[in-house]
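The values are calculated or read from the model by the stated rules, or taken from the named source; none is laboratory data. No experiment lies behind these values; they were computed from the predicted model shown. When we count neighbours, we look across all protein chains shown, and the Cβ atoms used for this are built from the backbone with ideal geometry, even at glycine.
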Amino acid sequence: MSESRELKPPDWSEVERAMVIMAHPDDPDFSCAGSAIQMARQGIEVTYMILTNGDKGNHNPLITRRQLILMRKEEQRKAAALSGVKHVLFMDEEDGFLRPTPEIRKRVCREIRRLRPQLIITNSPDRYVSGRGYINHPDHRNAGIIALEAIFPAADNPMFYPDLTNEGYPPHNISQLYISHAEEADVEVDITDDLELKIKSILCHESQFDDLEATEKRMREWGGEEQEDGSKRHYERFQQLDFRSRPRRGPANKDKTTEKSSS
């Protein structure tokens, strides 16, 4: 059994840009829209990166894959705008078959180097099931793997993808990584005051719900933790990896190389 950790509030004091890397349109809204809303309100520039095209996310045979792709992209843009998220990147991998290939790792690494976020939020690469009634989508796990492998060892290492450096996208170190739906969560964001807006962002994904009214009602009764006064508070929780005190190898190695070359 994993050791429980003390939950602490987020520290975004040094965050100017954040990136959310998820598998499908609607994943950011379910996982971390409350946090994105609060970051955007504080002036942090938030980007959603959606790795798949979402073309399997509906069982209606009258909708073509192309129609569904366009529909889900528009839904995600609306949801992001509602949350104050100004940028949405679609990587267009096929829904249901996302894999951590060298090609997608490089594409994600390129965007990390281009946008240079201090904070990245992504899926747990370890979550296969939850409780006794939910099998986690393999795309969710693989999105986490892709994000982690793009962050390390690739994004901050000049030996990876020198062509990206030549394009004007040099190596970049992120400061913090949040893993959503992780068993060892240690950061919690109180989203109680933004729950209504989070629900509205989720409901932008109309293609995902048969009955919007019933879904909205169910979401308002969703989860939450009862307080002593009988009220409920709602949280988004993450496992945090904090790299702010990690030694940076690049400058030291660069100095040694320069000294060696000039001797």
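General observations
- Any hit, the range 90-108, residues being in contact with a His (Cβ under 7 Å, 6 or more places away or on another chain), free of Cβ contacts under 8 Å to residues at least 60 places away in the same chain, among the charged types (D, E, K, R) and under 23 Å from T165 (Cβ atoms): no
- Beta carbons closer than 6 Å, at least 6 apart along the sequence or on distinct chains, pair a first residue in the range 160-189 that is buried (at least 16 other Cβ atoms within 10 Å of the Cβ) with a second that is among the small types (G, A, S) for F160/A154; H172/A155; I179/S124; S180/S31; H181/S124; A182/S124; V189/S35.
- Pick from the range 190-223, criterion β-branched (V, I, T) and outside any loop (DSSP other than H, G, I, E, B), ranking: surrounded by the most Cβ atoms within 10 Å (Cβ to Cβ): I202
- Scanning the range 63-86 for residues that are free of Cβ contacts under 8 Å to residues at least 12 places away in the same chain and of a type in the set (S, T, N, Q) yields a total of 2.
- Among the residues examined, E16 qualifies as out of contact with any Pro (no Cβ under 6 Å at 6 or more places or on another chain), touching a residue at least 12 places away in the same chain (Cβ under 8 Å) and either surrounded by 17 or more Cβ atoms within 10 Å (Cβ to Cβ) or of a type in the set (D, E) (or both).
- Test result for A154, farther than 21 Å from M91 by Cβ and buried (at least 19 other Cβ atoms within 10 Å of the Cβ): no
- Qualifying positions in the range 56-77 - buried (at least 16 other Cβ atoms within 10 Å of the Cβ), at pLDDT 95 or above and of a type outside the set (V, I, T): L68, M71, R72, K73, E75, Q76, R77
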